[in-house]
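Only the coordinates and a few stated rules stand behind these numbers; no lab work does. Here the structure is a predicted model, which means the values were calculated and not measured. Cβ sites come from the backbone with ideal geometry, for glycine too, and all protein chains shown count toward neighbours.
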Amino acid sequence: MNNASRVLGIFEVSKGAISGASADVKIVFAAALKANATGIILAHNHPSCHLVPSDADKYVTKNMRKGGELLNIRALDHVIVTAKGFCSFSEESLL
């Protein structure tokens, strides 16, 4: 995202297996820096349709937020998408 809240691009970090996926902070912010982003929105799916963020989801979000603080790139939201709906960390005050 840029300062005007426009999407600069979509970057696929990883494809997961049935039980999980990894998100490397370095890879995420390398893409954000190349795009001159001022903010990022993280998103992933839960094939299980559980909208409750896992401990791993919270851990990744915390690390992304910390990494962004060092680079002055804000983590604006982390969205979990399922066939039943979505969960926004920002709306749930988890960010």
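When peptides 45-54, 66-75 are sorted by average Cβ neighbour count within 10 Å, with the highest value leading, the order is 66-75, 45-54.
Kindly state, to the nearest 0.05, the FRET efficiency for residue 88 paired with residue 36, given R0 = 30 Å and r defined as their beta-carbon distance. About 0.75, to the nearest 0.05.
Report summary: the helix-based calculation at 222 nm, which adds -39500 (n - 2.57) for every DSSP H run with n ≥ 4 and divides by the residues of the chain, gives -9000 deg cm²/dmol.
Amide H contacts of residue 39 (H built 1.01 Å from N, in plane; Pro and chain starts excluded): 74 sit under 5 Å, all sequence-distant by 5 or more or on other chains. Amide H to amide H, with H built 1.01 Å from N, residue 14 comes under 5 Å of no residue 5 or more places away or on another chain. With a Förster radius of 22 Å applied to the beta-carbon distance between residue 48 and residue 79, the computed FRET efficiency rounds to 0.85.
With each label modelled as a point 7 angstrom along the Cα→C-beta vector, the residue 58-residue 5 pair spans 2.8 nm.
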